[in-house]
Amino acid sequence: MGQRQTIPVLPLRGTVIFPGLTAPIAAGRPGTLRAIESALKGDRLVFAVAQRDNTDEPSPDILYSMGVIARIGQIQRGLGGVQLLLQGEQRATALQYSTTEGYLSAVIVPAEEMSPVDENDPAFTALQKETRERAAELGERRGLPEEVVHQVLDAVTEPGKFADLVAGYIELPVPEKQGLLETLNVEERLRRVLVHVQRQVGLLEAQEDIKSQVQEELGERQREMYLREQMKAIQKELGDDDQSKEMTDLRDKLNALELPKEARAEVERELGRLERAGRESMEAQVIRTYLEWIAELPWNNRSDDQLDLSHAAKVLEEDHYGLTDVKDRVLEFLAVRQLRAQQLAEEVESQGELPASKLRAEKDDATPSLVFPEDEDRPITDKKEAKARAMAKGPILIFIGPPGVGKTSIAKSIARALGREYVRVSLGGARDEADIRGHRRTYVGAMPGRIIQGMKQAGTKNPVFLLDEVDKLGVSFQGDPSAALLEVLDPAQNDTFTDHYLGVPFDLSEVLFIATANFVQNIPGPLLDRMEVVDFAGYTEREKAEIAKKYLIPRQLEESGLGNRGVSFTDDAVMSVVSNYTRESGVRQLERQLGAVARKVARKIAMGETGPIVDETITAEEVRELLGRPKVHPERAQEANEVGIATGMYYTPMGGDIMFVEASIRRYYGSRGTDTEQPGAGGPVSLILTGQLGDVMKESARAAFTYATNNAADLGIPKDRLGAIEAHIHVPAGAIPKDGPSAGIAIATALVSEMSERPVRGDVAMTGEITLRGRVLPIGGLKEKVLGAHRAGIKTIIIPKANEADIEDVPEEVRSVLSFHPVETLREVLDIALVPAETVTQVKPLEIAGAA
């Protein structure tokens, strides 16, 4: 250990001095100046040590213990203090700090370095060489001349002094520099210095890359701006200033629009901003896009409605076969509006104008008030506007029905019949409120919602606007689009519909909105309340055949290149495709199968084949050969009367059909092999339900079983069938889930048949909900169920008395061949469905002895 000595302390703020380096220091604090004066009186040595904190009054607590013994070189005095050069000589450790005569002094002892064990070790030599190269690279990247860098570095050969030299010149925080000063092991210090140098080099490389990119971008922009200024000057000399011309055209287009007051104020404000903004700025692009949207919307463009009801009826008949009830409802809808429009147009023509208040609906519980924009008191002088306003009044229609029955196409026919533009927006899967209302302009890439986009596409203020698949709307964290539709479909609000992108009201009151859906239960109640439901039922097989012959076959033959070859289908061939290869309420699958037949015939003709298939007429046998085996196997009515099997009816979106309900009773004698329990003496009773039945259907089965057991005497059920029994009810097609209350009377009939051993008539099908007291309650989907039963060969239909009026919905050709029996109680059902007891041959029931 070196000799102890006491010397003045020179506290350093924001820097660390290393041995062998000379550093300029500015001193101005009183204590520091006294320490310097004390050192100058002696051997000019001071203990230069860094402060932990940047404070004006240093104390021993904030000074590091290791510093450098430094010699004061040149000194220059000034008004604010002194400037001096410090030459670091040797590391030293302070053993004790003390205050003497107003300055700090320290008892120090020199610190010796730990030299490497072998300076010729290859690893140490490589470390030293790498540090020199990286330090030279750092100096050059900082802008120092190469020869100066090498001259300074080559002047130091000792590893420890070289590490101190590099450490003194790299930019590091004080704690990290102090760490290098306190590292006495030369090899470790070199390694740590190399790490810091490498970081500095990487940082400088990144800065140079960023600088070059910025300079390149600025250069391109400056060049582009220079060229554009030159172009402007040239265009100005030629009198062809595109920017001013474009602004003038846009302003003229906007001035020609009859905008509401709020919209006009917003347009003028945005035009002013656009003129002040630079042409190439991002803000100018956003404003220009917004104003172009405003200019392209149909603020005052209307199409003239055709008020010829016979023409509308003709168009509907041309485009659609069947759907008589739907066509009647649509024609009634149009007739009321056309009469109202004619009346208003005649008043405008005779009086020259019409007060807007004439068009307002009276406020009552049934019809909401129809409100118009802020200029609603403006007299109406245009017959076209009066007709359009009248046509828009009234409820909004929603077409409910299974897929493929013509909901979308009949809306298009309404537009054609009225001479209006047609716009269709599919809402299936939409789950963002912005799909309806648009995005606010603060977002990058913002655009209007589907409603405003549809109005721009239509180009008129009064199109027929179809909102397709409103029951498929979703809900997400981004909002509920069905809630946004409430304003669109409310005549009391949609005259001031505000899209988030536009930010100004747009009048939708003259738009004829029509919505479509498959499932009414999926539509939110408030939204459904704003619309009038028009039900679309499935087509009968006869209607499908007529649609195929009139529309589908000609279209498919034309698409397959057979339109001019005289190819046709026989009636049996068409019915074969309808009944054996499709099972649906609509006709989409039917058209696909007919297209498959046409393509196969086209292929044979193209290959030059001959034979009956390529003749002009396609028969049912040829359909079987072309399409293969039948793909649909519908249920058929039972040929014989059976005990315990009743025929029910069901309805799905694909149409109606029949289903069979099977019941079986097992009677127990004794327990575990004994015969201690006699039949009819009471005992455990269980009910097993299979066939993937839903909760509602299971409850119907339990109600039917309770009714049958409680009224056994009146129903002719022997007492020996009421003891320890197990009733098993099964509905075939076990892989298909089933639910609903309408199978109640079918389940009860099957149970009573099995327990009384009376067969159920095979030509009878039934539907209706049952109660514990045997009452039969009404059900839904009667038309589709009856059509399915008729297709299956059923002759007699049992329905609830409350559904008797629904028989009128069944087509006449089906009603004429069926026998309907409206009933109110299960007793009436059994009297019709069960074979009379006196004609039944008794069959001994299945008995299982010893069952547990």
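FYI, it's all coordinate maths here, none of it is from the lab. All values derive from a computational prediction rather than experimental measurement. With ideal geometry, Cβ positions are generated from the backbone for all residues, glycine too; neighbour counts draw on all protein chains shown.
Some values worked out for this structure:
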read-out: The chain: relative contact order as a whole-number percent, Cα under 8 Å and 6+ apart; value: 7 percent
read-out: Distance between modelled label sites at Asp695 and Gln76, nm, 7 Å Cα→Cβ extension; value: 9.4 nm
read-out: Percent of Cα pairs exceeding the 17 Å cut-off, where the set is region 116-156; value: 37 percent
read-out: Neighbourhood charge, 11 Å Cβ-Cβ cut-off, centred on Thr540 and excluding it, Lys, Arg +1 and Asp, Glu -1; value: -2
read-out: Inter-label distance for Thr22 and Ser98, nm, one decimal - labels placed 7 Å from Cα along Cα-to-Cβ; value: 3.4 nm
read-out: Debye log10 I(q)/I(0) for the chain, one point scatterer per Cα, at q = 0.05, 0.06, 0.09 Å⁻¹; value: -0.63, -0.74, -1.01
read-out: With at most 11 other Cβ atoms within 10 Å, longest stretch of the chain clear of loop GluC sites (Glu not before Pro) (DSSP); value: 363-608
read-out: Using a Förster distance of 30 Å, the FRET efficiency for Arg44-Met114 (Cβ separation, nearest 0.05); value: 0.55
read-out: Helix-derived mean residue ellipticity, 222 nm - over the chain, DSSP H n ≥ 4, -39500 (n - 2.57), to 500; value: -13000 deg cm²/dmol
read-out: Length released on extending from Glu609 to Glu346, taking residue separation times 0.36 nm less the Cα-Cα span; value: 88.0 nm
read-out: Residue-span extension gain [Ser310 to Asn522] - 0.36 nm each, minus C-alpha spacing; value: 72.7 nm
read-out: Cα gyration tensor of region 1-107 - equivalent ellipsoid semi-axes, whole Å, descending; value: 18, 16, 14
read-out: FRET efficiency, 1/(1 + (r/R0)^6) with R0 56 Å, evaluated for Val632 and Asn710 via beta carbons; value: 0.85
read-out: Distance (nanometres) between label positions extended 7 Å along Cα→Cβ at Val475 and Arg141; value: 5.8 nm
read-out: Per DSSP, loop trypsin sites (Lys or Arg not before Pro) in region 685-730 with at most 13 further Cβ within 10 Å; value: none
read-out: Pairwise FRET efficiency - Leu772 versus Ser426, Cβ, R0 = 45 Å, nearest 0.05; value: 0.45
read-out: Added length on full extension, which subtracts the Cα-Cα distance from 0.36 nm per residue, Glu546 to Asp529; value: 2.5 nm
read-out: Positive minus negative residues near Asp490 (Lys, Arg vs Asp, Glu; Cβ under 12 Å); value: -2
read-out: Span from the region 152-185 Cα centroid across to the region 23-73 one, whole angstrom; value: 20 Å
